[in-house]
1. Going by the conditions given, is residue 202 of a type in the set (S, T, N, Q), within 22 Å of residue 25 (Cα to Cα), open to solvent by 40 Å² or more (accessible area, probe 1.4 Å) and without any contact (Cβ under 8 Å) to a residue 24 or more places away in the chain?
2. Going through the stretch 121-180 one residue at a time, which ones are part of a loop (DSSP other than H, G, I, E, B) and charged (D, E, K, R)?
3. Name the pairs whose Cβ atoms lie under 9 Å apart, with the first residue in the stretch 155-180 and more than 19 Å from residue 139 (Cα to Cα), the second of a type in the set (Lys, Arg) and part of a helix (DSSP H, G or I), and 6 or more positions between them or separate chains?
4. What residue, among those in the stretch 150-172 that are surrounded by fewer than 17 Cβ atoms within 10 Å (Cβ to Cβ) and under 17 Å from the mean Cα position of the chain (by Cα), is farthest from residue 126 (Cα to Cα)?
5. Does the stretch 52-93 hold any residues that are in contact with a Phe, Trp or Tyr (Cβ under 7 Å, 6 or more places away or on another chain) and under 16 Å from residue 111 (Cβ atoms), and which are they?
6. Among the residues of the stretch 79-107, write down those that are in a helix (DSSP H, G or I), hydrophobic (A, V, I, L, M, F, W, C) and either touching a Cys at 6+ places or on another chain (Cβ under 9 Å) or surrounded by 21 or more Cβ atoms within 10 Å (Cβ to Cβ) (or both).
7. Tell me, yes or no, whether the stretch 48-67 has at least one residue that is over 22 Å from residue 22 (Cα atoms) and of a type outside the set (D, E, K, R).
8. Working carefully through the options 66, 110, 18, find the one that is touching a residue at least 40 places away in the same chain (Cβ under 8 Å), assigned to a loop (DSSP other than H, G, I, E, B) and open to solvent by less than 60 Å² (accessible area, probe 1.4 Å).
Amino acid sequence: IDHFTISPTLPQVIFLHGLGDSGHGWADAMTAIRLPHVKYICPHAPRIPVTLNMKMTMPSWFDLMGLSPDSPEDEAGIKRAAENIKAIIDHEAKNGIPANRVLLGGFSQGGALSLYTALTCQQQLAGVVALSCWLPLHKSFPQAASASGNRDMPILQCHGEMDPMIPVQFGAMTAEKLKVIVNPQKITFRTYPGLMHSSCPQEMAAVKEFIEKQLPRI
């Protein structure tokens, strides 16, 4: 056996969990749809006081004041969180995984952060999976994406039609906003009847198909 053979570097999915959660739950969900040639990273958010939840400390990528399109936002926290995710992408690049073989995804607050990170990121990514979420600091776009390498990036956005936390209308507004930032033909917005603020097997099948398409074996 030749011990010096370098194994091919695996493309990666970096998936960000929602408020109050941890990477473990989504690591399990990813295992259920995993592709053998792909590596999955599900980081944990730091624990911070969250204004929306009476300043209780919980895992949160940035502070949340509200969940409507006109709620005040934690601009500094969102930008800092995006830099932390870009640092993970840079770290992987140093290990031989080019950014265009990295797919970013997330659920709820994690999906919001994945969209913001990709749209403000100079490296060209393989795509974004945005589940039950919104675009943070939406009024700063399309200008905020002027230096982005991802104006032609495929985005799969999914939302439950019965979501009581992030109404599907907010998801639809986000999809419309994305069309003026990136190539509108690359945006897929899917909604799921009866689905609340969670995922379902049909949605996860769509996620798997998207990952397979954007991160093919080479």
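1. Details: of a type in the set (S, T, N, Q): yes; within 22 Å of residue 25 (Cα to Cα): yes; open to solvent by 40 Å² or more (accessible area, probe 1.4 Å): yes; without any contact (Cβ under 8 Å) to a residue 24 or more places away in the chain: yes.
Against the criterion (of a type in the set (S, T, N, Q), within 22 Å of residue 25 (Cα to Cα), open to solvent by 40 Å² or more (accessible area, probe 1.4 Å) and without any contact (Cβ under 8 Å) to a residue 24 or more places away in the chain), residue 202 qualifies.
2. First, the residues of the stretch 121-180 that are part of a loop (DSSP other than H, G, I, E, B): 121-126, 132-137, 141-142, 146-154, 161-167, 179-180.
Result: 151, 152, 161, 163, 179.
3. From the stretch 155-180, the pairs are 155/186.
4. The initial filter retains those residues of the stretch 150-172 that are surrounded by fewer than 17 Cβ atoms within 10 Å (Cβ to Cβ), namely 151-152, 161-162, 164-165, 169, 172.
Those left that are additionally under 17 Å from the mean Cα position of the chain (by Cα): 151-152, 172.
Values: 151: 12, 152: 10, 172: 23 Å.
The selected residue is 172.
5. Passing the criteria: 69, 78, 81, 82.
6. To start, the set of residues in the stretch 79-107 that are in a helix (DSSP H, G or I) comprises 79-94, 99-101.
Now restrict to residues that are hydrophobic (A, V, I, L, M, F, W, C): 81-82, 85, 87-89, 93, 99.
Of everything in the stretch 79-107, those that are in a helix (DSSP H, G or I), hydrophobic (A, V, I, L, M, F, W, C) and either touching a Cys at 6+ places or on another chain (Cβ under 9 Å) or surrounded by 21 or more Cβ atoms within 10 Å (Cβ to Cβ) (or both) turn out to be 81, 82, 85, 89, 99.
7. First, the residues of the stretch 48-67 that are over 22 Å from residue 22 (Cα atoms): none.
No, because not a single residue in the stretch 48-67 is over 22 Å from residue 22 (Cα atoms) and of a type outside the set (D, E, K, R).
8. Numbers: 66 fails: touching a residue at least 40 places away in the same chain (Cβ under 8 Å); 110 fails: assigned to a loop (DSSP other than H, G, I, E, B).
Just one listed residue meets the conditions, 18.
The values are calculated or read from the model by the stated rules, or taken from the named source; none is laboratory data. Just so we're clear, the structure is a prediction, and the values are computed from it rather than from any experiment. Glycine gets a Cβ as well: all are built from the backbone with ideal geometry, and neighbour counts include every protein chain shown. We work out accessible area using only protein heavy atoms, side chains counted, and drop any ligands, DNA or RNA first. Shrake-Rupley method; radii C 1.70, N 1.55, O 1.52, S 1.80 Å.
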